[in-house]
1. Would you call residue 103 surrounded by fewer than 19 Cβ atoms within 10 Å (Cβ to Cβ), touching a helix residue (DSSP H, G or I) at 6+ places or on another chain (Cβ under 8 Å), more than 23 Å from residue 184 (Cα to Cα) and of a type in the set (D, E, K, R)?
2. Just a yes or no: is a residue in the stretch 345-356 at pLDDT below 90 and within 30 Å of residue 305 (Cα to Cα)?
3. Just checking, does the stretch 276-285 include any residue being closer than 20 Å to residue 57 by Cβ and not in a loop (DSSP other than H, G, I, E, B)?
4. Kindly indicate which of 44, 68 is under 26 Å from the mean Cα position of the chain (by Cα), in the same structural domain as residue 263 (by TED's automatic domain parsing) and charged (D, E, K, R).
5. Name the pairs whose Cβ atoms lie under 7 Å apart, with the first residue in the stretch 148-165 and in the same structural domain as residue 133 (by TED's automatic domain parsing), the second of a type in the set (Asp, Glu) and assigned to a helix (DSSP H, G or I), and 6 or more positions between them or separate chains?
6. Here is a list of conditions, (1) part of a loop (DSSP other than H, G, I, E, B); (2) of a type outside the set (Lys, Arg); (3) touching a residue at least 12 places away in the same chain (Cβ under 8 Å), and residue 234 meets all of them except one; can you say which number that is?
7. Residue 292: in contact with a strand residue (DSSP E or B) (Cβ under 8 Å, 6 or more places away or on another chain), of a type in the set (A, V, I, L, M) and within 30 Å of residue 235 (Cα to Cα), yes or no?
8. State whether the residues of the stretch 279-296 include one that is closer than 29 Å to residue 332 by Cα and either crowded, with 21+ Cβ neighbours inside 10 Å or not assigned by TED's automatic domain parsing to the domain that holds residue 363 (or both).
Amino acid sequence: MKRFRFISVFLTLAILLSLMMPSASAASSVVKNMSVEARAALLKDLDSDTVLYAQKADEKVYPASLTKVMTALLVLDAVEAGDLSLDKVLTADGNIWKDLEPDTSSANIRAGEKLTVEELLQCLLIQSAGEAANMLAAAVSGSVENFVQDMNKKAEALGCKGTHFTNTSGMPDPDHYTTCNDLYLMAKAAMEYDTFRKIVSSVDCRIGKTNESEERHYYNTNGLLSNMRYSGYAYSSCIGIKTGSTEAAGYCLLSAAEQEGQTLVAVVMGCENPIDKAGNVKRLQFSESSRLLQWGFDNFSEQTILDSTFPAGDVKVTLSREADHVTAVPEGTVSAELPNDISIDDFDISTDLYESVEAPVSKGDVLGTMTVSLDGVEYGTVNLVAANDVSQSAWLARKAALQNLFSKVWVRILAVVILVGIVYLVLRFKVFNRRHSSYSGRKRRSTGGYRGGRRRRK
């Protein structure tokens, strides 16, 4: 059974891989009936990477200022590596407005003005300042051009499949694009940094007096965090992340929310802001994002699909007088974040058990595997292991060994040869003895017929 222990380790690794990113099942009416008023959308659990909702999530879209999430990520990477510090003072030069359009969001940073890296990150993520992006880029990579190259390298390293950057802030460009899935990867990496989390969850920021400006006070452009900029969209569970909009991109929002220890990330791209009959602007990037996030919290939960109590079956045991079978049970559990209207009974469970095993069997020995799936999506594979020990009978083991030995063709042939040899030797021995006896008899008869010597003539 030792070889099965290696199999157990291998399958354990396979289980971990198989549980990485299952999608919400199409069998759920909750999922089928959900839709988002956006060009593309995505909802994922930040901890498990489980996809709760996807709408054209791999379609290439313009990211607008959501680009600044990647900009901030590279800055924080540099801080983490020790190449930069949050309190380092940077001086704005005349190139901070390079390639920025006149109506770009700005923190009104002037040439020659001195600000710390942390202050610039606040301007970047709360006020969405394009010039702050360029200042930080030059500090990290030596130039904006080099930084853009680093942005694309980072995207590739994160596993982004449909992303390419041409600038640091999200200026419109046919070659500047991303996807909902890629934006999620960027957000997940950025949210690993406490500094990023702190800034993007802040309602506002104050930039102290500098050599070129009085104190500045900026409110977060994310309407889910407060009503300071946009009234009526605040979502109490929101913890970030970033807004973005251009004429080409539409209105976009990358957001995150927490409830009862669960963190969800929503990506909503290409929304419109229609005006109702009363003349009020409907900011769908906010209303659709909060609706999508709350829908996730309300309709999904972590569910155990398979555990050690699930009946798996018995396996025949040979070479034992103690028992003729051993019960197989699942090793560990399979769980997933699932729509609440999905029942455990909806899953397909396939079992692959050994027909028989030889004793001795130790508790925990691998006896097979069990796989759970739904609508073609595999949610996990676990080892089936022995629930108890089964000892070996020494007599049955010896008997089986002999039977196994004599079941081999070459052994049978050898046995026949040996038998023939023995028969030959016996027969030859008997023939030899018979001949020897006959010869000895003749010799005795010839010797017994002669009495005395020849008479001599006188």
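The values are calculated or read from the model by the stated rules, or taken from the named source; none is laboratory data. Everything quoted here is computed from the prediction, not taken from an experiment. Using ideal geometry, Cβ is built from the backbone for each residue, glycine included, and neighbour counts are taken over all protein chains shown.
1. It is false that residue 103 is surrounded by fewer than 19 Cβ atoms within 10 Å (Cβ to Cβ), touching a helix residue (DSSP H, G or I) at 6+ places or on another chain (Cβ under 8 Å), more than 23 Å from residue 184 (Cα to Cα) and of a type in the set (D, E, K, R).
2. yes
3. Within the stretch 276-285, the first condition is being closer than 20 Å to residue 57 by Cβ, and the residues that meet it are 284-285.
Narrowing further to those that are not in a loop (DSSP other than H, G, I, E, B): 284-285.
The answer is yes, given that some residue of the stretch 276-285 is closer than 20 Å to residue 57 by Cβ and not in a loop (DSSP other than H, G, I, E, B).
4. Among 44, 68, only 44 is under 26 Å from the mean Cα position of the chain (by Cα), in the same structural domain as residue 263 (by TED's automatic domain parsing) and charged (D, E, K, R).
5. That search, which allows pairs on different chains as well, returns 155/182; 160/182; 161/182; 162/182; 163/182.
6. Only one criterion in (1) part of a loop (DSSP other than H, G, I, E, B); (2) of a type outside the set (Lys, Arg); (3) touching a residue at least 12 places away in the same chain (Cβ under 8 Å) is unmet by residue 234, namely (3).
7. For residue 292, the condition - in contact with a strand residue (DSSP E or B) (Cβ under 8 Å, 6 or more places away or on another chain), of a type in the set (A, V, I, L, M) and within 30 Å of residue 235 (Cα to Cα) - is met.
8. We begin by selecting, within the stretch 279-296, every residue closer than 29 Å to residue 332 by Cα; these are 296.
Narrowing the set further to residues that are either crowded, with 21+ Cβ neighbours inside 10 Å or not assigned by TED's automatic domain parsing to the domain that holds residue 363 (or both) leaves 296.
Yes - at least one qualifying residue is present in the stretch 279-296.
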